[in-house]
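*Asks:* For reference, the structure I am asking about is given below.
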Amino acid sequence: MPGAVTFLHEAGSALNLNPHTHSLLPDGVFAFEPEQPATFVELPPPSQQQIERVLGTVVRRIGRLLQGSAQG
């Protein structure tokens with residue numbers, strides 16, 4: 001099972017309004033066996049091909065958003 005914790009911060013260091021988040025993300029998953037404590041299983045880093053695939057998706061989606069905002 002994956003796990004993550006995210007904290008919402010609403011102010012910057014000068015107490016100005018600055019909504020943002022801080023997240024803790026493990027490099028793995030937690031495995032559970034009956035009657036056993038949870039075990040953390042570290043995952044390998046992503047391959048270059050996986051990184052390029054995610055980057056391509058992000059670039060396409062941002063491009064569509066920018067095209068939509070230019071038309072509206």
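*Asks:* Return the label of the correct value of semi-axes √(5λ) of the Cα gyration tensor in Å, as calculated from the structure shown, out of [x] 33, 24, 11; [y] 29, 17, 13; [z] 20, 14, 8.
*Replies:* Read-out from the structure maps to [x].
*Asks:* Using the crude model of +1 on Lys and Arg Cβ and -1 on Asp and Glu Cβ, and no other charge, please compute the dipole size for the chain relative to its Cα centre, in debye to 20.
*Replies:* Charge dipole, the chain, about its Cα centre: 600 debye, nearest 20.
*Asks:* Probe radius 1.4 Å, ligands and nucleic acids ignored: give me the carbon and sulfur share of the accessible area of the chain as a rounded percent.
*Replies:* 61
*Asks:* Now a separate question. Expressed as an acute angle from 0 to 90° and rounded to the nearest 10, what is the orientation of the C-alpha long axis of helix 48-71 relative to the principal long axis of the chain?
*Replies:* Rounded to the nearest ten degrees, it is 30.
*Asks:* Between Phe32 and Ala4, how many nm apart are label points set 7 Å from Cα along the C-beta direction?
*Replies:* A separation of 2.0 nm, rounded to one decimal place.
The values are calculated or read from the model by the stated rules, or taken from the named source; none is laboratory data. It should be emphasised that the depicted structure is a prediction, and the values quoted were computed from it without experimental measurement. Neighbour counts are summed over all protein chains in view; Cβ atoms, including those assigned to glycine, are modelled from backbone coordinates with ideal geometry. Side chains are part of the model used for accessible areas, which takes the heavy atoms of the whole protein and leaves out ligands, DNA and RNA. Shrake-Rupley method; radii C 1.70, N 1.55, O 1.52, S 1.80 Å.
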